[in-house]
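See below for the structure under consideration.
The values are calculated or read from the model by the stated rules, or taken from the named source; none is laboratory data. Everything quoted here is computed from the prediction, not taken from an experiment. For neighbour counting, all protein chains shown are included, and Cβ atoms are generated from backbone atoms with ideal geometry for every residue, glycine included. Calculation scope for accessible area: heavy atoms of the full protein, side chains included, ligands and nucleic acids excluded. Shrake-Rupley method; radii C 1.70, N 1.55, O 1.52, S 1.80 Å.
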Amino acid sequence: MGRKSFDHTALNLSAKTSRKYMRLGYANAYVNAQNYKKGETLLKEIFIDFPEDRDALLNLANLYLITKEVDDAKAIYKRLATSEKDSITSLNGIALAEHIAENDKQALVVATTAKEKADAFDDATIKEQTYDRYVQALIWNRKYIKAKTEIAELDTKYTNRNWLYALKAMLGLYTGSPKKSVANYDAILKNDSASFDGNLGKANALFAADRIVPAYNAAFGTLKVFKDQKDAIGFIDKLNISFTPTIDEHLAYTFDNGNNVAFSTNTTATVPLSTKFSTNLAYYYRTTENTVTDNKASSHVLSAGFDYKFFPKTTFKAVVGLNKSSFGTESYTQPVIDTKLLLQPFKLQNLELGYKREIQSFNADLIEREIIMNHFGFNYNLGTNFNLGWYTQAIHTTQSDNNTRNLLFTSLYYNLMRKPALKVGLNYQYLSFAEQVPTIYFSPEKYHKAVEIFADLRGDISKNTQYMMSAATGLQQVEDDPNTVIFRAETGITHKFSKRFSGNLYGKYSNIASATAAGFEYTEIGLKLKWLITKKPLFYNKIAK
């Protein structure tokens, strides 16, 4: 009898295929465990058996997107483009890579090209993937009206699609409508309770809606489905930082052209007891001296307070304390109060109503006079979805020397760029006192900061280091005097030394008459330090699931 022959080629191919999928599985596990180098090595080994394997290329490109190695990701996507269909998939991936690289304009260019190709290609799946990426690119570029129109058109063709619900949710988050986003993520989870986008997306939307405990719960739910998932862990860490007990220290040295020098230190301990209730204790010390008159004085303020969130977007803050001021051989003690009600009455609007009782402590002469100020005012900020914003502050002050002050400051600004963040605008300020006592403090009957042009730039130097620079110049008029040129500037650098400790070094200068109580130009150099006392919020174990 003859021996039965075996198809060694088929057997070898079957073994290679099994090995490929084993490598894909192990690589995915390593990527999830954030061991990216090991995952990369396993994926590249697949090319030994299957050169330019599509699955390996897609997984490798995704790994590079996760690690933000965007040039490598784009190179892999270009290798993938060996057919008409895969060329569209390649463009969709490159568009996402451009977004991760913060090149959103280029991302839209690439996504538009992909859409044109997909429209001419008869493949339902590739069309849906491409339309999804195209609308995402519109949203990244703040083209909200166009995105809304595209979503409405897609809604007539594709009903009950999770990717379409995700687009609606994304648009809601970008335009300040988190409640709509929550509803759309709920629709995704109704279709697929194990959806990653649905679970973590809902957590982010709940956080944006200021519903903190439900946001925690949604993130914990994500980790139940996707064990050790990097983004979910990062989201929980972000929440934890917001509610971890902290100690803040602020040191400042100030001098002006009136021969006043001052040093101050402010230490604040903040202890959140829940996501709604937080307590704080602060000690403030300031010593000031006039180098010509040799007049010296100091102030000690010890205060305690709390923050309470009545419901989302509505928080009441209160601080009470005692101010002990000393000058020469004399001293006095006065109560201090600071209360605020923070609201978000409508979408993209923030309102702060407040009352503050404080003791004038700018220089030794003013401390000695024991001038008590009662400030009643509000701050209002109106944002828009087209980069324009408007901020207004109005304060009415009554003083123990029977004087009163009215202050109005308004600023119209425009956000030119997001990364780095560049904001420019126009400021106007009006200030008036009922009584003029220029020999004691700056107190004109009327003061106009006629027009001030300003720019504010903020960005990253590295992953853990940020910078800020701002400058403004314009004209001011005191009483009926001629206009004079004004200038102010501030710069600072913030560095995160560790996950729980950061510092900020800054300096600022101003010759604006209203900037100080005495009407002098001044310079300040300061250092701010922040330390997270514990690793997690005190209440974390009660809500962790």
**Asked** Do the conditions hold for Glu452, that is, is it open to solvent by less than 30 Å² (accessible area, probe 1.4 Å), among the charged types (D, E, K, R) and either in a strand (DSSP E or B) or touching a strand residue (DSSP E or B) at 6+ places or on another chain (Cβ under 7 Å) (or both)?
**Response** yes
**Message:** Taking the condition of being over 30 Å from Glu102 (Cα atoms) and within 18 Å of the chain's Cα centre (by Cα), how many residues in the stretch 426-473 meet it?
**Reply:** 0
**Request:** Answer with yes or no whether Ser361 is buried (at least 16 other Cβ atoms within 10 Å of the Cβ), in contact (Cβ under 8 Å) with a residue 24 or more places away in the chain and not in a strand (DSSP E or B).
**Result:** yes
**Asked** What's the number of the condition Ala544 fails, among (1) within 30 Å of Ser274 (Cβ to Cβ); (2) hydrophobic (A, V, I, L, M, F, W, C); (3) open to solvent by less than 70 Å² (accessible area, probe 1.4 Å); (4) modelled with pLDDT of 90 or more?
**Response** (4)
**Scope the stretch 465-499; condition open to solvent by 70 Å² or more (accessible area, probe 1.4 Å), within 30 Å of Thr534 (Cβ to Cβ) and modelled with pLDDT of 95 or more; matching residues** = Ile493, Lys496, Phe497
**Message:** Yes or no: the stretch 146-153 includes at least one residue that is closer than 20 Å to Phe235 by Cβ, of a type in the set (Asp, Glu) and assigned to a helix (DSSP H, G or I).
**Reply:** no
**Asked** Which condition number does Lys446 fail, the rest of (1) open to solvent by 70 Å² or more (accessible area, probe 1.4 Å); (2) more than 27 Å from Tyr413 (Cβ to Cβ); (3) at pLDDT below 85; (4) not aromatic (Phe, Trp, Tyr) being met?
**Response** (2)
**Positions within the stretch 128-143 being touching a Phe, Trp or Tyr at 6+ places or on another chain (Cβ under 7 Å) and either of a type in the set (Lys, Arg) or open to solvent by 10 Å² or more (accessible area, probe 1.4 Å) (or both), in sequence order** = Glu128, Asp132
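Residue-by-condition table, conditions (1) closer than 30 Å to Glu289 by Cβ; (2) of a type in the set (Val, Ile, Thr):
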residue	(1), (2)
Pro444	yes, no
Tyr447	yes, no
Arg458	no, no
Ser470	yes, no
Thr473	no, yes
Asp480	no, no
Ser502	no, no
Thr523	yes, yes
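Give the residue that is modelled with the highest pLDDT, with candidates limited to residues of the stretch 84-128 that are in contact with a helix residue (DSSP H, G or I) (Cβ under 8 Å, 6 or more places away or on another chain) and in a loop (DSSP other than H, G, I, E, B).
Within the stretch 84-128, the first condition is being in contact with a helix residue (DSSP H, G or I) (Cβ under 8 Å, 6 or more places away or on another chain), and the residues that meet it are 84-101, 104, 106-108, 110-115, 117-119, 121, 123, 126-128.
Pick out the ones that are also in a loop (DSSP other than H, G, I, E, B) and you get 101, 121, 123.
Working: Ala101: 94, Phe121: 89, Asp123: 90.
Only one residue fits best here, namely Ala101.
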